[in-house]
Structures are given as C-alpha cells and as structure tokens.
Amino acid sequence: MTWILDHLDDIGYYTLQHAWLAALPLLLGLLLATPLGWAARRYRGLYTPVVAGTGLLYTIPSLALFILMPLILGTQILDPVNVVVAMTIYTVALLTRTVADGLGAVPDSVIASATAMGLGPVRRLFTVELPLAVPVIAAGLRVAAVSNVSIVSVAALIGVPQLGSLFTDGFYRDFLDPIVAGLVACVVLALLFDLVIVVLARLLTPWLRTGGAP
Amino acid sequence: MIRFEGATKTFPDGTVAVGGLDLLAATGSITVLVGPSGCGKTTSLRMVNRMIEPTGGRIMIDDRDTASMDAAQLRRGIGYVIQHAGLFPHRTIVDNIATVPRLLGWDRSTTRNRALELIERVGLPASFAGRYPHQLSGGQQQRVGVARALAADPPVMLMDEPFSAVDPVVREQLQEEFLRLQSELGKTILFVTHDIDEAVKLGDQVAVLRVGGVLAQVADPATLLRDPVDDFVADFAGRDRGYRGLGFRPAPSLTPRSEPAVTLGTSPEEVRRSGNAWVLVVDDDRRPLGWVEPARVTEPVATDRLHRGGTVARLDGSSRAILDAALSSPSGRGVVVDDDGCLLGTVTSAEVVAALQSPPGPDSSGQP
Amino acid sequence: MNDVLKWLTDGAHWRGGEGIPLRLGEHLLYSGLALLVAAVLAVPLGLWVGHTGRGRYLAVNVSGGLRAVPSLGLLFAAIMLLGPRLSGEAGVFIPSELVLVVLAVPPILAGAYAGVEQVDAAARDAARGMGMRGWQVLWQVEVPNAMPLVISGLRSAALQVVATATLAATVGLGGLGRFLIDGLSVRDYAQMAGGAVLVAALALLVDLLGATLQRLVVSPGVTGQTGRSTARTRRGGRLRLALRS
C-alpha cells in the first residue's frame, strides 16, 4: 500500500500514457471502419471479403503484431507509433463488421422514406443511417475499448511505457504491489472508457431516452 | 374428448389467467377458443398438455385425468401446432416430421414412410423432404408444423393460432385444407384464435372467453352469430353478424327462373334479341362465364369483353352464397348452378330475401 | 525483412531442444491443454445456464468483467502468488496453465449460454409440447442450434490462449513466445520477428481449423448454407465474442 502512495505520480503518468495509447486507436479505428463498413453494406459482394479480411487481422496475437510493426512501418521497435497502428488495426477489425451490421439494422422503410423525401445518399447516410446505427456501433465500440485497454499493457514487453510497465517492474523486482496497482488501474480505466461511450451514445440518441409510447 | 372441469390458473403474482373453466370438446370435432388478448385462451390450451400446470380443477382426456399422467408421455399423445410452427432449424423437413415417432421409438423405415406420406398429405411436394425449414415460406412451414403434429396419429390436437402469422390469402388456403384434412381424419381438436371470422369458419363449436378466463358463451357458430348472450359476445362477434350468419343457414328453397344465355362467338344481333340490358354468356357445357351489355356489343362475343363481377351459387349451398350471387351480379340476377357448375337459372335478391323472411325450416343451424 | 526470412529458413533453427518444431509442440500442448480444461468446465456450465436461465446474471458479468483484466498482469500475479508454493518447473507451468484456463473460460461460457438462449423460442416450445424431456430438448434442439455460437466461443478462446501462451515465455515457459522474448532481451530483431511470424501463422491456422470445425458440425439448416434463408434463422448466429490479448 505504501508503495502505491509513494508512486502516485508514476501511476498517474502511466495511466495517461495508457489512456491515449488506447483511445487514439479507438478514434482512428472508428474513422477507418465507418467507410469500410458502409462499403461492405453498400456493395454486397464486398461484405464477406471485407469482414473476413479484417477478422483475420484480429487473430494475430498482440505481441507478434507489435514486433512485426517496425518491419511494415520502418519504425524503431520502441516507437509508440507501432502500438497505435497495431491497436488501430484491431479496432478496425472489430468495428468494420459492427458498422456494416449497424447500418444493415436500419429499417428499409426508414431508408425508403428518407429517399422519397429527396435526401441524397451522402446526406441520408449522415443524417439518418449513421444516427440510427449509433446504438449498435456504440456496443461494438465498448467491446473494442475494453479490449484495447487490456491489450495495450502487453506493449510494456517491447518497452513502451504505460500501465503494463507496472507489471514488468513488479515482476522483475519480485514485488506484487505495482502489479496489483496496474491491474486495478487497468480495470478502472476500462470502466471509465465504457462509461464515456455509454454517455456519448445516450447523448447522440435522445429518442431512445424517452419512455415508450403509453 | 377433452373436458375442462373448473380448470383454473392463478399465476404467482395473483393474476387469474383462467378462472374455473368448464368446457367439453367433443370427440372428432373442432372446438375453437376465441377471445380478446388476455382472455386466457392460450393458457387454457396449454393446460391441456400441461405446458402450463393448472392451479385448480381438472382437465380430462377421454376420462383420464391429465394430472395423473407423465407430462412427456401425455404430450407425445397429443398433436401440438403453434403460431410460428416452431420447426427445428437444424433438421430437414422429413426429420422434423419424424420427431414424435422417434420419441416413441418407432423403427426407422416406418417413421420415414409415415413422414413422407404426411408431406404429401398436407399438400407439399415430396421433393421438400430433404429441405431445411429456412428454405420454406411461412405458409409451407406451417403445413410442416401440422404434418409434424399428425405424425404419430394422435387422437387429440392442440392448435394455438396456427394460421395467424401468414398472409390472408395463404391463411384462407390453409384453413380450407385444414377443414378438408379434418373431414378425412376426424381428430378431436382444440383450436385457439383471436379472429372471430376464423373461429366461426373452422369451429363446430365456438367458446368465447372474456378477460380473466371466464367463459362468456359456447355455441355452434350460427347460434353464436344469431343469438349472442350479451353485449360482450355481440361486440366481439362483430359487425354484419346477420349477414355472416347466413353463411350457416342453408339456402331457402327457390326455383330459379330460366335465363336466356349465349355462347362465345355469338353475333351482336343475336345478343340483342332478348331485349335484356345484360345477357349471360356460358361455355359449350353451359357453365357461366360472365355477362355482356348488348348495347355495347359491336362484334362477336369474346372472353375479354365479359363482365366477371358476379359470383355463382348452388341451390344446396348457404343462404349467404345465394344472396351474394344476386347482389354481385351486374344484372341483379344471381346465377345458380348445379353440382357440375352448369347453369340452372337465376334468382333476384328480392326473391332470396323474401324466401329468407318466411319461417325457417326445422334445421336452421346445420352446417353448410 | 531479409534477416527475418534468413532466420526462418535457417535449418539450425528447425532442429534440437530449442528448435522451432519443439517450441511449436510446446505451444500447442500448453494451448490445447488449457482449451480442453476450459471447455470441459465452461461448455456444460454455459449450456446449463442457457437451458435453465439460472446464474445468467453471474455468467454475464463474470465473462464481461474478465475482459477488462489485462492478461499480462494476471499472468505475473499468478506466478508470484503461486510460484513459490510449487517446486521447480511446476512453479511456472501450473500458474501459467491456470491463467490460460481462466482466460479461456469466459468466451466459451458466453458462447454456450448465448447460443442456447438465442434458440428460437417457438422451436423450444414445440419440442416440449411434443413430449421431449428436459435433456432431450437440450440435446436434440438447443445444442445443435447453439453450435455456431458454442464454436465461435471456442474459437475466441483458442485465439486468446494462443496469444497468452506467447506472453507466458516472459515468465519462463516454453513455446513459440521464447523466440520473441529471447529476441527482445538480446535485441535480435530477426529472431523476434521470425517468432512473431510463426505465432501469427499459428493463430491463423488455429482460427482456420475452428472455421472448418464449424462447417463440419453445424447443420446447414442452422447456418443457412442452403440458399434462401429468412432473417429469423440468421439472427444471433453472428454474435461476436471478442476477448483477446
């Protein structure tokens, strides 16, 4: 316990590092997965290759992907960019199918009436289809967020500092306190991410907040 | 025979779904339970095969108390058809139908032959045997559901809104075939629906339930429409009861007036000879085809010029059918045909109504 | 890139007590054992939860909550807590296997109970109504229809186990992870990248195996691989069970 109190600064620094290493890929992943998911939906023939292809990327174990990144990006092994890109790949892998299925869950009647009122495909996507797909996309984002927070800690093994560094520190010094602190901080951070996404999704879908018709 | 003796279902929260139901479903006939949602009709049905256990009273099948039997054994002896068919997605059609025979331990080839026979019996092509449920339409799945319930040839069948989830045209077909099947098989059937039209169409006996599972009236369809016991039943039986009731009343004895008719290809002059505003057209076997207006005929009568609005009726059909034939005919003269569909003559709506107003014969409640 | 290829094709790395075949064998042994134990525990439990609806709340929260726990931290904690009480190799092997099992249970459990839960209520009702007993409903109707999600859960668990077994090299376990960890510690990029390629290939192969298994044991009536299919039969078959390290 005293170790934790003496090292609050370190824990804070690691938490911040961890937060952005997990959050930035989440945003980038969502930005990339949205057009991919839309295309998979729009052009039926693309669905299987896109979803299966991104799904395969998700099978690669994180440590292997972190180590292979320099080979692909030409970066140094210690560069945090490796982690950001790898985590973005995982996020895209998870969210592409979510976006495609979320857009697919928008009722045909809604799309037809939007079209009948003269909305072009682009306007319809941004003002009707994506807003209605928010609940499904948010659910996928929550899974991706929790998974990202957990996976980022592995990057401690390639020397990128974040909460995972507490695990390696503690293990190599045979000292349990940092490990417990790291585990707790990771779980809290994951819950925090989860909460933020839930709140954002609620704000974006005011029509779901009011009770059903009497 | 199924007999409810004060059957009651009170749920743990105190809701009374069925409050002391007394009802007899006679052997070999169709008893329909009908009523608004919340009237406990499905609960009543599900108490028979103990999918829901009654909290009071008894339910007897052929004088055996269902409560004294092993629930699974009891159910294997009762056909069960539900709204969405509930086919097993992972089994082919033939295997779905074979479910109960297999539970009963029938041998392989008997089971298979029985299943194949039933596929055809319910009006499906034999080639469907190896298909999976998702390859069939809703109506086809429901036919398989009926075949599956019939597989072990149970004397008693429970049917819970079996035709509610299909479109009206298919529902009509399924109802017709169900009646045909029942006329061949003579099962004791308890049938639940929320649709009073379906109830009076299919039921030999209709039991109307009110909310809380209380029996409001039980009667044959004609009596129900003609003589509802109270406002609730009257409201539920709906509009046009008098007219719909005619469906259960045999046509009054009438002598159709002979109708001058022409055949296809008749010249305009010939058509005008009768002097009538509308002239009936028949084929070479004197089967009615439609009506033409002589005033508009400029060339020999052809099928595409015919007015086909009128329905045709038989003398031994229902009052409703014969009145409808008169009302729907553009000439005001309803076409009456014999058993082979050949023209007998015509009647007017005034004649039908006049005949209906004279006192009914001794048997006014019989089925058509 | 050339160095990695050279490392992978060097015959010396394919022989002996620290060669690729042996490490691969170890990796498969650790992963297979953990998956087997987890499946034996979690499949029946998940089917039971799905069939009876009992313990559902617990199952949902345990399998959801464990997703947030980082596997690396769990592994280190397990070694430090249990290792000293066990002697020799067991001090590494048993805690590692235990962690692998703990991480494999949630996706398998979730797949099994979600699989049973999403079985068409009408089919279940019909099964009971035709006189199937509880276990007959489970074996003849619920399990065959739950198969896509049961296997999906097993696949997720297999990936999780293969990935975490790689990390277990840091605590001294064998397996393909050795190449990555040893490469890291001596700054031999060719070795760690070569190992990473092997680990990635193994993961892909395992997933492919899972896909084949799915094709073999799931009825075409459930997957809809027979042409026309309705929305009802497709629904739920694609629930994603993500849990990885």
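Values as computed for the structure displayed
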| read-out | value |
| --- | --- |
| Net charge of neighbours whose Cβ lies under 15 Å from the Cβ of A:D194, counting Lys and Arg as +1 and Asp and Glu as -1 | +3 |
| Computed log₁₀ I(q)/I(0) - Debye formula, equal Cα scatterers, no solvent, the range B:261-357, q 0.10, 0.12, 0.16, 0.18 Å⁻¹ | -0.26, -0.37, -0.63, -0.78 |
| Rg over Rh [alpha-carbon atoms, Kirkwood Rh] for the protein assembly as shown | 1.12 |
| Separation of the A:L195 and B:S183 label points, Cα + 7 Å toward Cβ, nm | 7.2 |
| Calculated SAXS-style log₁₀ I(q)/I(0) at q = 0.16, 0.17, 0.18 Å⁻¹ - the range A:1-152, Debye, Cα scatterers | -0.89, -0.96, -1.03 |
| Angstrom value of the Kirkwood radius, inverse mean 1/r, which spans all Cα pairs in the range C:122-216 | 16.0 |
| Two-decimal Rg/Rh across the range A:1-56, once Rg and the Kirkwood Rh are taken from alpha-carbon atoms | 1.37 |
| Surrounding net charge for A:P121, when Lys and Arg each add one and Asp and Glu each subtract one, Cβ distance under 13 Å | +3 |
| Given charges at beta-carbon only (K, R positive; D, E negative), |dipole| of the range A:2-206 in Debye | 1060 |
| Calculated [θ] (222 nm, deg cm²/dmol) that DSSP helices of n ≥ 4 give over chain A, each run adding -39,500 (n - 2.57) | -26500 deg cm²/dmol |
| Cβ-based net charge around A:L68, under 14 Å, with every Lys or Arg adding one and every Asp or Glu removing one | -2 |
| Point-charge dipole on Cβ atoms (K/R +1, D/E -1) for the range C:123-225, about Cα centre, debye to 20 | 240 |
| Average beta-carbon neighbours from other chains, 10 Å sphere, peptide B:77-89 | 6 |
| Reachable lysines, given that their alpha-carbon falls under 30 Å from the alpha-carbon of B:K9 and they are not under 8 places away in the same chain | B:K41, B:K187, B:K201 |
| Förster-model FRET efficiency, 41 Å R0, A:W3 and C:D182, C-beta, rounded to 0.05 | 0.85 |
| Share of pairwise Cα separations in the range C:39-113, more than 16 Å, in percent | 53 |
| C-alpha long axis of helix B:138-150 to longest principal axis of chain B, angle in ° | 60 |
| Estimated inter-spin distance, B:L104 and A:I72, nm [label 7 Å along Cα→Cβ] | 6.2 |
| Potential lengthening between B:D339 and B:D235 on full extension [0.36 nm per residue; Cα-Cα distance subtracted] | 33.7 nm |
| Which of B:A295, B:G212, B:G245, positive extreme of dipole for the range B:195-331 (C-beta unit charges) | B:A295 |
| Gaussian network model of chain C, springs between alpha carbon atoms under 10 Å - residue of C:S96, C:S156, C:S87 with greatest fluctuation | C:S87 |
| The range B:204-254: C-alpha pair distances exceeding 16 Å, % | 40 |
| Prolate/oblate/rounded call for chain C, Cα gyration tensor, a/c under 1.5 rounded | prolate |
| Full-extension gain in nm, C:L24 to C:L86, via 0.36 nm per residue minus C-alpha separation | 19.8 nm |
| Label-point separation, C:L33 to C:A121 (7 Å along Cα→Cβ), nm | 4.6 |
| Span per principal axis, largest first, for the Cα atoms of chain B (Å) | 78, 51, 32 |
| Positive dipole terminus of the range A:2-206, leading residue within A:G164, A:Q76, A:G104 (C-beta point charges) | A:G104 |
| Other protein chain Cβ atoms within 10 Å, averaged over every residue that makes up A:52-60 | 5 |
| Residue of B:Q142, B:Q217, B:Q173 that the Gaussian network model of chain B assigns the largest fluctuation, springs spanning Cα pairs under 10 Å | B:Q173 |
| B:D70/C:T212 FRET efficiency (R0 45 Å; Cβ-Cβ; nearest 0.05) | 0.60 |
| Shielding of A:146-156 by partner chains, average beta-carbon count, 10 Å | 5 |
| Simple Cβ-charge dipole of the protein assembly as shown, Lys/Arg +1 and Asp/Glu -1, about Cα centre, in debye nearest 20 | 780 |
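Since every read-out is calculated from the coordinates, none of them should be taken as a lab result. Bear in mind that the values here come from a model prediction, so they are computed numbers and not experimental data. We place every Cβ from the backbone using ideal geometry, glycine too, and count neighbours over all the protein chains shown.
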